[in-house]
Amino acid sequence: MIKIAPSILAADQMHIAREIQRVMDAGIDLLHVDVMDGHFVPNLSFGPGIVREIHAAFPTLKLDVHLMLENPMRYIQVFAPSSHIITVHAEIKDDVGTVLDIIRHEGCKAGLSLKPGTSIEEVEGLLDRTDLVLVMTVEPGFGGQPFRWDMLRKIRRIREMGYKGLVEADGGITKDNLSILREAGLDIAVMGTAIYKSDDLAGDIRKMQAMT
Ligand code: DX5
Ligand code: ZN
């Protein structure tokens, strides 16, 4: 079964709580929250306050927090009590291995994300300190971009290397490219635009989760 993590970046920002309830009623597995600092990526999005409020309002919902921050180290303790997974990027200024260790120490699953230009070989030495690898299938920063088909090779490569953790992809995923992602070894699909534009959310989610 593939897990679906809707990204609230694509939700109606004036009605976040309603938009979360809608995807929860449709049977999602996790909720993806993109945190951007305007430096690591050229955009700003959600901060710790909204993540805390979402966790307080939906305590059973597992939050998959994607930190697109140049210096995530100082924010791990802030996000940890509300998060299930915290993912940081391989390309940050802080020491990535240390940040991953802190995430685990705080009781969350530690994710490592790779921009399209970063190969899995570059981070091979860090993989045993991760619970998840997030393969960006667009340049991070904005929703609604086209899927990078060349990233399929990276996902296959991670599996060929015998990686035992979870593999997640983020950016441009639709129900049309999901089955090939599954074949390549994907466990969790982050989906923004495709989820929030769907006319049959519960039906689409059920069909996508059933892809073997
Ligand atoms: C991009 C974000 C993604 C984005 C995915 O930086 O990390 O989570 O919201 O959105 P879609 O599915 O619209 O590409
Ligand atoms: Zn994301």
Of all residues in segment 113-122, which are more than 15 Å from ligand 1 (Cβ to nearest atom) and either open to solvent by less than 10 Å² (accessible area, probe 1.4 Å) or among the small types (G, A, S) (or both)? S119, I120
Having 3 or more residues that are in contact with a strand residue (DSSP E or B) (Cβ under 7 Å, 6 or more places away or on another chain) is the bar; report the helices (runs of 4 or more DSSP H) wholly within segment 171-210 that clear it. 201-209
Of everything in segment 123-177, what is within 13 Å of ligand 1 (Cβ to nearest atom), over 25 Å from T212 (Cα atoms) and touching a helix residue (DSSP H, G or I) at 6+ places or on another chain (Cβ under 6 Å)? Give them in sequence order. G143, G144
Between A202, A210, A169, which is modelled with pLDDT under 95 and of a type in the set (A, V, I, L, M, F, W, C)? A210
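So for segment 101-110 (the condition being over 15 Å from T130 (Cβ atoms) and modelled with pLDDT of 95 or more), does at least one residue qualify? Talk me through it step by step, then tell me what you get.
The first filter runs over segment 101-110 and keeps only residues over 15 Å from T130 (Cβ atoms), leaving 107.
Remaining after also requiring modelled with pLDDT of 95 or more: 107.
Yes, that holds for at least one residue.
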Among the polar types (S, T, N, Q), open to solvent by less than 40 Å² (accessible area, probe 1.4 Å) and either within 17 Å of the chain's Cα centre (by Cα) or more than 22 Å from V133 (Cα to Cα) (or both), is that true of S7? yes
Applying the selection to segment 42-51, what residues are more than 13 Å from ligand 1 (Cβ to nearest atom) and part of a loop (DSSP other than H, G, I, E, B)? G47
Where residues in segment 178-212 are among the β-branched types (V, I, T) and surrounded by fewer than 21 Cβ atoms within 10 Å (Cβ to Cβ), which of them is nearest to ligand 1 (Cβ to nearest atom)? T193
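From the residues in segment 128-153 that are open to solvent by 20 Å² or more (accessible area, probe 1.4 Å) and touching a Leu at 6+ places or on another chain (Cβ under 8 Å), which one is farthest from D187 (Cα to Cα)? Full working, then the answer.
Quick first cut of segment 128-153, residues open to solvent by 20 Å² or more (accessible area, probe 1.4 Å) only: 128-129, 131, 139, 142-150, 153.
From what's left, touching a Leu at 6+ places or on another chain (Cβ under 8 Å): 129, 131, 143.
Values: R129: 18, D131: 12, G143: 21 Å.
Of everything passing the filter in segment 128-153, G143 is farthest from D187 (Cα to Cα).
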Selection count, segment 38-49, where residues are out of contact with any Pro (no Cβ under 7 Å at 6 or more places or on another chain) and either open to solvent by 60 Å² or more (accessible area, probe 1.4 Å) or touching a residue at least 40 places away in the same chain (Cβ under 8 Å) (or both): 5
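The values are calculated or read from the model by the stated rules, or taken from the named source; none is laboratory data. Keep in mind that what you see is a predicted model, and the values were worked out from it rather than measured. Counting neighbours? That spans all protein chains shown, and the Cβs are built from the backbone with ideal geometry, glycine included. Ligands, DNA and RNA are excluded from the accessible area calculation, which covers all protein heavy atoms including side chains. Shrake-Rupley method; radii C 1.70, N 1.55, O 1.52, S 1.80 Å.
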